[in-house]
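The values are calculated or read from the model by the stated rules, or taken from the named source; none is laboratory data. Note that the structure is a prediction, hence the values are computed from the model and not measured. We place every Cβ from the backbone using ideal geometry, glycine too, and count neighbours over all the protein chains shown.
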Amino acid sequence: MLTIQALREEKDRVLQALSKRHIDASADIERVLEWDAQRRNTQSMLDDLLAQSNTLSREIGGLIRDGKKEEAEAIKSQTADLKEQSASLKTQMHELEASIQALLCTIPNAPHLDVIAGKTPEDNVETFRAGEMPKLHAGAVPHWELAERYKLIDFELGSKVTGAGFPFYRGKGAKLQRALIQLFLDRADAAGYEEYIPPLLINAESGFGTGQLPDKEGQMYHAVADDLFLIPTGEVPLTNIYRDTLLKEAELPIKLCGYTPCFRREAGSYGKDVRGLNRLHQFDKVEIVQINHPEQSYATLEAMVDHVKGLLEALELPYRILRLCGGDMGFTSAMTFDFEVFSAAQERWLEVSSVSNFETYQANRLKCRFKGNDGKTQLVHTLNGSALALPRIVASLLENHQDESGIRIPTALQAYCGFDRID
RNA sequence: GGAGAGGUGGCCGAGUGGCUUAAGGCGCACGCUUGGAAAGCGUGUUUACUCGAGAGGGUAACCCGGGUUCGAAUCCCGGUCUCUCCA
């Protein structure tokens, strides 16, 4: 959530930035500022009243100690009015605070200056492209056919046991999953990310911290009896490790990674996009997270992008990087780079990673701050990226590395798999 | 699932209604002392909101939320977490 301080001090910049998302937040922001002024006014009135009643209470205490009961009783009678007034101001304060927060939560993050103002994915800017486009043999087929032919993934069995979008991986297909996870974790480890195995269910506070709640609960599976949510991404538990914390500047940057399954209801998705591994309700992902000094966060974003590049190059996959336009960016992000690999048999680009800088948007919700070397406390910047999400990587590995008699495993992955071909 | 004990500052720990934002200790920072260090001595050492140009002031916070009271770390109720024992 945007900070009130930013709205107060640089409202025009924020409005301009938000216009890149094609939303006009000016009315909401005016309202927040107005409520905030009321809140401050209410608070100073309340503080005055409380100060008065504290003084009276101390007097009463003194009088009682001195045995002057009657004088004490006289002062007591003065406090009733103060009490009533302060109770009503307290209620007003709580209401104002709740209103401000509720409205602030509906305003998305302000995009960075370099983000362009497009509306749809077509407006995203391609910033980088690498890898060779594969030339497939005449009988090349999409991954879902390869998965069936070589008994790697069983979609129908998943539908029987759970439902559509919950495949079984089997045999070399299962081993390939483990190999990819291990490769990704080893790379993250080598890059200095500390590995965590987080819980897969999170509470509502954590959902709020990273921005899934309120309003996006429809995208998460909800364990109602215990009011817990299945994580849609490892970002949620990993980033929430640092909820309600005050760090020292010397502790930055914090670099975390973790492998988790991810669960997404994907309400509203349908059509050909969902074929095979293209869109699943449960999938595996290695996530990298960084918490850093505001002055460092864009250098960090670049480093995270480079890290993901390295993974795709190791897998010998052709890919491109897009800087998302304002209209296509996630609610909480200030700048996002998407990675897409070319899936040759489908002849489509598939999103396999999204790397974002949230600046202080999550940190403000998380209450994650650091005390600088100058003694001042400020919000950190949070960033995260998929490194990587498995299903579409598997889809493109299968499709791009297929030949007449099977599928070649890229060199970097062979030691992890324990085999160099699927056939 | 049942029974009991407990949750106080960076840490340990005192505190059962007012003189307690919180004794004492440890740690940490700065200063004095010293040839240098240790010890010793002194000073300082939470956060949020808010008022103020600043110095500084006000309010709130002793797991969380309610309540009793003129006044709550302290009493009451609910929740939560930790520990011990039982199943």
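Structure summary
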read-out: Selection count where residues are in contact with a helix residue (DSSP H, G or I) (Cβ under 7 Å, 6 or more places away or on another chain) and closer than 30 Å to A:VAL355 by Cβ, scope the stretch A:67-105; value: 2
read-out: Residue in the stretch A:263-274 that is over 30 Å from A:GLU249 (Cβ atoms), modelled with pLDDT under 95, acidic (Asp, Glu) and not in a helix (DSSP H, G or I) present; value: yes
read-out: Subset of the stretch A:9-30 [surrounded by 14 or more Cβ atoms within 10 Å (Cβ to Cβ) and among the charged types (D, E, K, R)]; value: A:LYS11, A:LYS20, A:ARG21, A:ASP28
read-out: The listed residue being closer than 14 Å to A:THR336 by Cβ, away from RNA strand B (no atom under 11 Å from the Cβ), modelled with pLDDT of 90 or more and hydroxyl-bearing (Ser, Thr, Tyr), out of A:THR106, A:THR127; value: A:THR127
read-out: Flag if A:LEU18 is away from RNA strand B (no atom under 12 Å from the Cβ), in contact (Cβ under 8 Å) with a residue 12 or more places away in the chain and in contact with an Asp or Glu (Cβ under 9 Å, 6 or more places away or on another chain); value: yes
read-out: Failed criterion for A:PRO121 (all others in (1) under 35 Å from the mean Cα position of the chain (by Cα); (2) within 16 Å of RNA strand B (Cβ to nearest atom) hold); value: (2)
read-out: Residues being at pLDDT below 95 and part of a strand (DSSP E or B) - total across the stretch A:293-334; value: 0
read-out: Matching helices (runs of 4 or more DSSP H) fully within the stretch A:1-84 where at least 1 residues are over 29 Å from A:LEU104 (Cα atoms) and aliphatic (A, V, I, L, M); value: A:26-65
read-out: When residues of the stretch A:335-371 are limited to those that are within 16 Å of RNA strand B (Cβ to nearest atom) and part of a loop (DSSP other than H, G, I, E, B), the one surrounded by the fewest Cβ atoms within 10 Å (Cβ to Cβ); value: A:LYS367
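Each row is one residue, and each column tells you yes or no for (1) among the hydroxyl-bearing types (Ser, Thr, Tyr); (2) modelled with pLDDT of 90 or more; (3) more than 14 Å from RNA strand B (Cβ to nearest atom).
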{"residue": "A:MET1", "(1), (2), (3)": "no, yes, no"}
{"residue": "A:ASP12", "(1), (2), (3)": "no, yes, yes"}
{"residue": "A:HIS22", "(1), (2), (3)": "no, yes, yes"}
{"residue": "A:ALA27", "(1), (2), (3)": "no, yes, yes"}
{"residue": "A:LEU33", "(1), (2), (3)": "no, yes, no"}
{"residue": "A:ASP36", "(1), (2), (3)": "no, yes, no"}
{"residue": "A:ASN54", "(1), (2), (3)": "no, no, no"}
{"residue": "A:GLY62", "(1), (2), (3)": "no, no, no"}
{"residue": "A:GLU71", "(1), (2), (3)": "no, no, no"}
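Per-residue answers, yes or no, for (1) within 15 Å of A:GLU351 (Cα to Cα); (2) in a strand (DSSP E or B):
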{"site": "A:ASN373", "(1), (2)": "no, no"}
{"site": "A:ASN384", "(1), (2)": "no, yes"}
{"site": "A:ALA387", "(1), (2)": "yes, yes"}
{"site": "A:ARG392", "(1), (2)": "yes, no"}
{"site": "A:GLN414", "(1), (2)": "no, no"}
